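Structure, as structure tokens:
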Amino acid sequence: MSTENTRPTRVRIAPSPTGDPHVGTAYIGLLNYIFANQRGGQFVLRIEDTDRTRFVATSEQEIFDSLHWLGLHWNEGPDVGGPYGPYRQSERTEIYREHVEILLANGSAYRSFETAEELEALRKAQLAAKLPPRYNGAHRELTQTQIDAYLAEGRPYVVRLKVPIEGETTFRDELRGDVKFSHNNVDDQVLMKSDGFPTYHLANVVDDHLMHITDVIRAEEWISSTPKHVLLYKAFGWELPKFWHMPLLRNLDKSKISKRKNPVSLIYYRQAGFLPQAMLNFLGLMGGGMPAGGKIDPATGEADKSVQAEIFTLPLMLEQFAFDKISLGGPVFDLVKLKWLNGEYLRALTPESFLTQLKTVLFSDDYLAKIAPLVQTRIETLGQFGDLADFFFRDDVTPSAEVFVPKKRTLEETLTFSVDQLAALEAADWTPEGLDAALRTVGEAKQWSVKENFMLLRAILTGRTTSPPLLESLIVFGKARSLDRVRRFVDTQKKLATQKR
Ligand code: GLU
């Protein structure tokens, strides 16, 4: 009997806490959750936080909260524990170090002592010669004496994987069949950085093995990493998991989903009033694994294309989702469709639950308590509350050019600057001081006065020229929705501009 039938199914998602929780994490999370549950297996959540330069402290908790909001729960993870922990890679560095030693000892990895400057010079030379930049393997065969000398000098080094010079690595992708990569195209991947932290590749493989993962179900963008992983499994002498690379979510124009074209933060969807069940349903449509998007007519064998066929809950997905039906054509993350679905779910609520949703999301005590002080100093009757605070409760505020273009500016200049504002806001620390600094910096760089700068953003956020204090309003409205509002403004104006041409 082959071992693959005897290993109980264990899958994982391995998000990196580098920012807002991403819709892609929810999509891959859902697929893993279904896969595990259909097979009576275990679903693990591992936090891949070894890239300290991109680490965001609040991100991990937000990932947990967003996935729980969607109704996805894991059997093992940093928050719930489990037999193969710790489940946070930053707490496993000793394990990776020990494993690097194994690879160094058996000759499948080597120390590479070049300085950053030397590597940069190499890269430049390759680019100038129109060659793809890659490590030239100079330290693959250092003698032990040379290695000892460098070590004695205290020279920093990285550890690289010794990829065979010739031949190819073939692995099976469960959705694509055999995938081949010529070793010519596989770099001697860094496994451990000079600071002693592992790279994604090493940590990912070591953990998948030690956590007994049987099926690696992840996004297609990782497929080019898989040959390196396969070489690592072989170098350790470990059994390979099965690999399933899921088609990437795409923008309407078929490019890889991006924040320039779609909101990608789960926080946005939650705060903007999408229901978790609609979101899950939508993500379940993405893989194409539901039978023709719903049900097949038993009489004709044809897909039932009626509206209802696209609406299904998590229990139905657990019952019907078929991994062998997944289509590799990039699923389009179509917001219009998501909104339509969400509308279906909202309309299906009883009036009481609908009211509860409104009170939970839009009219929560917490939200109102933050808005009230912003308008209290300007109000004459309670009835004016809506006049002053309407933008906090609206999805669409579209200021006209008369409102948003400052007196001495052209429409074009203004639009260009709003793109700069968007970039500045994205990078800003979401506090009044952080926002103030970010806006002032971009204003100075582009020679926009503070007045013009704030006026434009006020118009974009509120649709008007006067409003409660801008920075506080941005804080209360929240980063995810504020960025979406500015992004949509930029988008709408660009569309209008091209129509005029
Ligand atoms: N840390 C990777 C990510 O952020 C995990 C990729 C994988 O599943 O191997 O998505």
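Points worth noting:
- The set of residues in the stretch 209-220 that are near the ligand (Cβ under 8 Å from one of its atoms) and either among the small types (Gly, Ala, Ser) or out of contact with any Phe, Trp or Tyr (no Cβ under 9 Å at 6 or more places or on another chain) (or both) contains only 219.
- Subset of the stretch 1-19 that is within 13 Å of the ligand (Cβ to nearest atom) and not in a strand (DSSP E or B) - its residue that is modelled with the lowest pLDDT: 19
- Residue check for residue 166: charged (D, E, K, R), surrounded by 16 or more Cβ atoms within 10 Å (Cβ to Cβ) and touching a residue at least 12 places away in the same chain (Cβ under 8 Å): no
- In the set (1) free of Cβ contacts under 8 Å to residues at least 60 places away in the same chain; (2) part of a helix (DSSP H, G or I), the condition left unmet by residue 69 is number (1).
Per-residue answers, yes or no, for (1) at pLDDT 95 or above; (2) over 30 Å from residue 496 (Cα atoms); (3) surrounded by 18 or more Cβ atoms within 10 Å (Cβ to Cβ):
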{"residue": "314", "(1), (2), (3)": "no, yes, yes"}
{"residue": "341", "(1), (2), (3)": "no, no, yes"}
{"residue": "363", "(1), (2), (3)": "yes, yes, no"}
{"residue": "373", "(1), (2), (3)": "yes, yes, no"}
{"residue": "381", "(1), (2), (3)": "yes, yes, no"}
{"residue": "399", "(1), (2), (3)": "no, no, yes"}
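- Screening 179, 186 for residues that are β-branched (Val, Ile, Thr) and within 26 Å of residue 93 (Cβ to Cβ) leaves exactly one candidate, 186.
- Meets criteria (modelled with pLDDT of 90 or more and closer than 21 Å to residue 480 by Cα) for residue 322: no
- Residue within the stretch 172-181 that is surrounded by fewer than 16 Cβ atoms within 10 Å (Cβ to Cβ), at pLDDT 95 or above and either farther than 30 Å from residue 40 by Cβ or not charged (D, E, K, R) (or both) present: yes
To keep it simple, each residue is scored yes or no on (1) over 29 Å from residue 490 (Cβ atoms); (2) under 27 Å from the mean Cα position of the chain (by Cα).
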site: 344; (1), (2): yes, yes
site: 355; (1), (2): yes, no
site: 379; (1), (2): yes, no
site: 384; (1), (2): yes, no
site: 397; (1), (2): no, no
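- Within the stretch 20-58, the residues that satisfy the criterion of being within 11 Å of the ligand (Cβ to nearest atom), part of a helix (DSSP H, G or I) and out of contact with any helix residue (DSSP H, G or I) (no Cβ under 7 Å at 6 or more places or on another chain) are 24, 28, 32.
- Of all residues in the stretch 59-73, those satisfying the criterion of being within 15 Å of the ligand (Cβ to nearest atom) and among the small types (Gly, Ala, Ser) are 59, 66.
- The criterion of at least 2 residues that are in contact with a strand residue (DSSP E or B) (Cβ under 9 Å, 6 or more places away or on another chain) is met by the following helices (runs of 4 or more DSSP H) wholly inside the stretch 400-500: 479-500.
- Residue within the stretch 251-261 that is of a type in the set (Lys, Arg), closer than 27 Å to residue 165 by Cβ and touching a residue at least 12 places away in the same chain (Cβ under 8 Å) present: no
- Looking only at the stretch 227-245, and only at residues there that are touching a helix residue (DSSP H, G or I) at 6+ places or on another chain (Cβ under 6 Å) and aliphatic (A, V, I, L, M), the one that is farthest from residue 288 (Cα to Cα): 235
- Tally, over the stretch 34-57, of residues that are among the charged types (D, E, K, R) and either in contact with a Lys or Arg (Cβ under 8 Å, 6 or more places away or on another chain) or buried (at least 18 other Cβ atoms within 10 Å of the Cβ) (or both): 3
- Subset of the stretch 221-242 (residues that are within 11 Å of the ligand (Cβ to nearest atom) and either in contact with a Leu (Cβ under 7 Å, 6 or more places away or on another chain) or not aromatic (Phe, Trp, Tyr) (or both)): 221, 223, 225, 226, 229, 241
- A single member of 272, 235 is farther than 23 Å from residue 24 by Cβ and crowded, with 16+ Cβ neighbours inside 10 Å, and it is 235.
- Strands (runs of 3 or more DSSP E) fully within the stretch 158-199 that include at least 2 residues being acidic (Asp, Glu): 168-173.
The values are calculated or read from the model by the stated rules, or taken from the named source; none is laboratory data. Quick caveat: nothing in here was measured; it's all calculated off a predicted structure. We place every Cβ from the backbone using ideal geometry, glycine too, and count neighbours over all the protein chains shown.
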